[in-house]
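The values are calculated or read from the model by the stated rules, or taken from the named source; none is laboratory data. All of these numbers come straight from a predicted model, not from anything done at the bench. Backbone-built Cβ (ideal geometry, glycine too); neighbour counts: all protein chains shown. These area figures cover heavy atoms from the full protein model, side chains too; ligands, DNA and RNA do not enter into them. Shrake-Rupley method; radii C 1.70, N 1.55, O 1.52, S 1.80 Å.
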Amino acid sequence: MTSVQNIAGRVRFVGTGPGDPGLLTKRAIDAISVADLVVYDRNLPNQLLEAAQEHAGDKAVFTVLDTATGELVKDLITTAREGRNVARLVSAEPYPNSTVTEEITEVSATEVPVEVIPGIGYSEAVASYAGMPPSHGRSLIDVDDPTRLEPEKLSAWMNAGTVMFTCDVSNLSGLRDQLLLAGADVSTPVSVTGDVTGETQYTTSSTIDTFVEAALGFAGRLVITVGDGVDRHPSLGWWENRPLYGWKVLIPRTKEQAGEMSKKLRAYGAIPCEVPTIAVEPPRTPAQMERAIKGLVDGRYAWIVFTSANAVKAIWEKFGEHGLDARAFGGIKIACVGEATAAKVRSFGIEPELLPSGQQSSEGLLADFPPHDNVLDPVSRVLLPRADIATEVLSAGLQERGWEVDDVTAYRTVRASPPAAEIRDAIKSGGFDAVLFTSSSTVRNLVGIAGKPHARTVVSVIGPHTADTATEFGLRVDAKPERASVPELVEALAEYAVDLKKRMTEAPVKQRRGAKVQGPTALRFRS
């Protein structure tokens, strides 16, 4: 037999929680990050799988579980004996899952080291996320076959406090029958929660005699809460009460650009969909950029003005080609049109000297940009690297302030390929509840490659120029932040959603039934 000392690998059974990647424990993340092989169940939520892949990096091999328990255990043991680490991802927590318990038992019978890492369980998740805290005892029962539930035990559990069941939707009728056999009062409050902690978690409340009918439309694994705590859901169910909960929001940006926006949208409960509308390509001829880089090194410029993160990236990539680093900016002042651009500059260890104090736009930057002074500014030239389709507002304004401007094409923006047919159909038919535009070009290109968003889609724009372009294309602008930034753009949409919900709630019932309200059906006003 192989000695323990010769085994470098181990098998870790990792509880991943019910669905929200934010509920992964640090120990779970550590186990995933050192894994060479990650085995996961088919029912693992996509968000959890994506988070696990991000934590694991490129070295781990991911494989979906599609073998019987015996074959799986052999694979886990073989991999560990080869000196590699295995992370076996389990929905919620490893125990009391009987199949996973069997796997743990078989691996533990060998010399291979085993770790069992608990995850957040369904009962804790539903109590917290759906807002149903029990005032006294709580039992969690996993139901595979309702007929095996003993009425005497069910009665004892219900008398002891809140009872929570996890079961497939197909077993709801059987569970109700067993509860009635156990003598449960038909008026006992019951809630059914689907997609626990997921993007589409939904909870419906009723009673024992009606909860099966109330759960029509639910699918997959559900959590049924019986007894104390159910009545607290409307006031404490914060997950489903977030401002943008259930809204499908279209982001016409690349995945790299949309990261911050998607993260903030998810925090408000939205389901972001990133659709690239712009592809960034190098200039057709590199001569302008080559002269600009030489001018930076030679001290030709007093200022460099960045109008986008793409411009910052283009200059930095040119620096890399010439073996330069941040020191090449020595003696040159840097101005940025907004916070997003400034963040990109800061990512290279440089602090910009100037940002607009008011509106984050070319006009806002010009309002704060100092005029050229022949005495104080021995160098009178400004480098303006930007897109090929940029407007002349900034260049003309700088020249009016006495500066000489080298207006250089740092990159070209071209339309991206059209999205998939189902995305195009959703855009035109109102399948998206909202769309966020961060520039005029995103408006033009989205309409060009996918069509105009439906009239009921809420339109939120980052600033006045983008709003003007949206209006030109016949779009109704519903929300716009006071300051042009991605965080405030999302905030503006969230505020619009809160106001819309308030107006819908306060409107008379007859008016609500007949009104044509712009905005999403995802608010799910159900009585």
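Assorted remarks:
- Selection from the range 268-293 of residues that are hydroxyl-bearing (Ser, Thr, Tyr) and within 30 Å of Glu199 (Cα to Cα): Tyr268, Thr277
- Residues in the range 126-149 include at least one that is of a type in the set (Gly, Ala, Ser) and open to solvent by 80 Å² or more (accessible area, probe 1.4 Å).
- Of all positions in the range 105-113, at least one carries a residue that is in contact (Cβ under 8 Å) with a residue 12 or more places away in the chain, open to solvent by 10 Å² or more (accessible area, probe 1.4 Å) and assigned to a helix (DSSP H, G or I).
- Glu150 vs. criteria over 25 Å from Thr207 (Cβ atoms) and of a type outside the set (A, V, I, L, M): no
- The listed residue being in contact (Cβ under 8 Å) with a residue 60 or more places away in the chain and out of contact with any Asp or Glu (no Cβ under 9 Å at 6 or more places or on another chain), out of Val379, Val414, Val405, Val375: Val379
- Unmet requirement for Leu383, which otherwise passes all of (1) open to solvent by 10 Å² or more (accessible area, probe 1.4 Å); (2) at pLDDT 95 or above: (1)
- Subset of the range 455-490 [hydroxyl-bearing (Ser, Thr, Tyr), closer than 16 Å to Ser361 by Cβ and assigned to a loop (DSSP other than H, G, I, E, B)]: Ser485
- Selection of first residues in the range 430-442 that are of a type in the set (Asp, Glu) and of second residues that are surrounded by fewer than 23 Cβ atoms within 10 Å (Cβ to Cβ) and at pLDDT 95 or above, restricted to Cβ pairs under 7 Å at least 6 apart or on distinct chains, gives the following pairs, ordered by first then second residue: Asp433/Lys248.
- Within the range 359-380, considering residues that are surrounded by 12 or more Cβ atoms within 10 Å (Cβ to Cβ) and among the charged types (D, E, K, R), the one modelled with the highest pLDDT: Asp368
- The residue of the range 150-196 that is surrounded by the fewest Cβ atoms within 10 Å (Cβ to Cβ), among those that are polar (S, T, N, Q) and out of contact with any strand residue (DSSP E or B) (no Cβ under 7 Å at 6 or more places or on another chain), is Ser170.
- Among the criteria (1) closer than 30 Å to Gly227 by Cα; (2) modelled with pLDDT of 90 or more; (3) open to solvent by 40 Å² or more (accessible area, probe 1.4 Å); (4) in a helix (DSSP H, G or I), the one Ile120 does not fulfil is (4).
- Selection from the range 448-476 of residues that are open to solvent by 50 Å² or more (accessible area, probe 1.4 Å) and among the aliphatic types (A, V, I, L, M): Ala455
- Count of residues meeting criterion [outside any loop (DSSP other than H, G, I, E, B) and hydroxyl-bearing (Ser, Thr, Tyr)] in the range 345-363: 1
- The strands (runs of 3 or more DSSP E) found wholly in the range 1-88 and carrying at least 1 residues that are surrounded by fewer than 17 Cβ atoms within 10 Å (Cβ to Cβ) occupy 61-64.
- A single member of Leu222, Leu216, Leu250 is modelled with pLDDT of 95 or more and either in contact with a Cys (Cβ under 6 Å, 6 or more places away or on another chain) or not charged (D, E, K, R) (or both), and it is Leu250.
- Condition broken by Leu384, with the remaining ones in (1) out of contact with any strand residue (DSSP E or B) (no Cβ under 7 Å at 6 or more places or on another chain); (2) outside any helix (DSSP H, G or I); (3) farther than 26 Å from Gly269 by Cβ; (4) of a type outside the set (D, E, K, R) satisfied: (1)
- Single residue of the range 306-358 satisfying the filter (closer than 23 Å to Leu376 by Cβ and open to solvent by 70 Å² or more (accessible area, probe 1.4 Å)) that is farthest from the chain's Cα centre (by Cα): Gly331
- Scanning the range 227-249 for residues that are among the hydrophobic types (A, V, I, L, M, F, W, C) and either open to solvent by 20 Å² or more (accessible area, probe 1.4 Å) or out of contact with any Leu (no Cβ under 7 Å at 6 or more places or on another chain) (or both) yields Val230, Leu236, Trp238, Trp239, Trp247.
- Considering residues of the range 250-290 that are among the β-branched types (Val, Ile, Thr) and surrounded by fewer than 17 Cβ atoms within 10 Å (Cβ to Cβ) only, the residue nearest to Lys344 (Cα to Cα): Thr254
- Sole residue being modelled with pLDDT of 90 or more, more than 30 Å from Val459 (Cα to Cα) and open to solvent by 40 Å² or more (accessible area, probe 1.4 Å), chosen from Glu404, Glu422: Glu404
- Residues of the range 292-301 that are surrounded by fewer than 19 Cβ atoms within 10 Å (Cβ to Cβ), touching a Lys or Arg at 6+ places or on another chain (Cβ under 9 Å) and touching a residue at least 60 places away in the same chain (Cβ under 8 Å): Gly295, Arg300.
- Taking the range 123-150 as the range and being free of Cβ contacts under 8 Å to residues at least 40 places away in the same chain and either part of a strand (DSSP E or B) or hydrophobic (A, V, I, L, M, F, W, C) (or both) as the test, the residues that pass are Gly137, Arg138, Ser139, Leu140, Ile141, Val143, Leu149.
- Tallying residues that are part of a loop (DSSP other than H, G, I, E, B) and touching a residue at least 24 places away in the same chain (Cβ under 8 Å) within the range 157-194 yields 4.
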